[in-house]
Amino acid sequence: MPIDDNEKSWLVAHVRLFHEKKCVERLQKLNIETYLPIRSELHYWKDRKKKVDRVLTPQMVFVHVTTGERITVLEDRSVTHFYAFPGSGKATVVPDSQMKSFMFLVGNADSEVEFTSESLKKGDKVKVLRGPLANLEAEYVRVGNKSKVAIRVNDLGCALVEIPLTWIEKLD
C-alpha cells in the first residue's frame with residue numbers, strides 16, 4: 001500500500017538541550033505544525049516568587065508533518081534527528097489519538113504533569129469521570145503510593161498525572 005506524501009504524521013524531533021522554544025518558533029515561521037508541552041509553575045526563592053514555563057519533554061519537539069516536510073524539520077540548526085525505536089531506523093510515528101489525549105492531559109490537568117520514559121507495567125484502562133480531565137480515557141498506574149493516570153506516547157514514555165481514585169472508573 002503506497003504512502004500518501006501529503007498525509008501528515010506526528011513525529012518527535014530531538015533538539016539540542018534548552019533549544020526547544022526557539023526551534024518551535026523557527027518551525028512555525030515555516031508553517032510547520034508543532035507541539036511543545038509546557039506547564040507554567042510558580043517557583044519560590046527566599047526573596048521572591050516567579051512564574052516559570054517548564055518544558056515537560058526536554059529535547060523533544062512534536063511535529064505534525066508530511067514526508068516532504070521532514071527534511072525542512074531536519075534542516076533546523078537545533079534538530080539532530082527524529083526519535084526512532086532502537087534498531088528500526090524508522091522515525092517513530094505517534095498516532096493521532098495518542099497525541100490528542102496527550103495534548104488534552106497537558107492542557108487540562110490541574111496538578112503537576114510528569115513525563116517519564118521509564119517503562120511502566122500496563123494497567124487497567126480507565127475513564128476519568130470528574131475534574132478538568134473528565135472523559136479522558138487513559139491507563140491507571142500506581143507510582144509509589146500515588147494513583148495516577150497515564151497517556152502513553154509510542155516508544156517515548158508516558159505523561160502521568162495524579163488523580164483521586166474516586167474520579168475514575170474502569171473500562172471493560
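Observations
- Residues of the chain: accessible area per residue with a 1.4 Å probe, Å²: 62 Å²
- The H on the amide N of VAL126, modeled in the peptide plane, is under 5 Å from the matching H of ALA138, GLU139, TYR140, LEU171, each at least 5 residues off or on a different chain.
- Treating each Cα of the stretch 1-79 as an identical point scatterer and summing with the Debye formula, the log10 of I(q)/I(0) at q = 0.20 Å⁻¹ comes to -0.85.
- Cα long-axis angle, helix 96-108 against the chain (0 to 90 degrees, to the nearest 10): 50 degrees
- Normalised by residue number, the volume inside the convex hull of the Cα atoms of the stretch 17-56 is 82 Å³ per residue.
- Hits among lysines - C-alpha to C-alpha of LYS127 under 17 Å, sequence gap 8 or more where chains match: LYS100, LYS148, LYS170
- Efficiency of FRET between ARG16 and LYS170 - r from beta-carbon atoms, R0 41 angstrom, step 0.05: 0.45
- In this entry, the stretch 126-167 is assigned a mean projected area of 3.0 nm², taken as a quarter of its C-alpha convex hull surface.
- Cβ-derived FRET efficiency at R0 45 Å, THR72 paired with GLU41, nearest 0.05: 0.90
- Dimensions of the chain based on its C-alpha atoms, expressed as ranges along the principal axes with the largest first, amount to 54, 47, 27 Å.
- Between the Cα long axis of helix 20-29 and the first principal axis of the chain there is an angle of about 50°, rounded to the nearest 10.
- Once the Kirkwood radius over Cα pairs is known for the stretch 41-116, the Stokes-Einstein relation at 37 °C and 0.692 mPa s delivers a diffusion coefficient of 213 µm²/s.
- Top of SER78, SER111, SER88 by mean-square fluctuation, Gaussian network on the chain, Cα under 10 Å: SER88
The values are calculated or read from the model by the stated rules, or taken from the named source; none is laboratory data. Computed from a predicted structure; not experimentally measured. All Cβ positions, even for glycine, are placed from backbone atoms using ideal geometry, and neighbour counts span all protein chains on display. Calculation scope for accessible area: heavy atoms of the full protein, side chains included, ligands and nucleic acids excluded. Shrake-Rupley method; radii C 1.70, N 1.55, O 1.52, S 1.80 Å.
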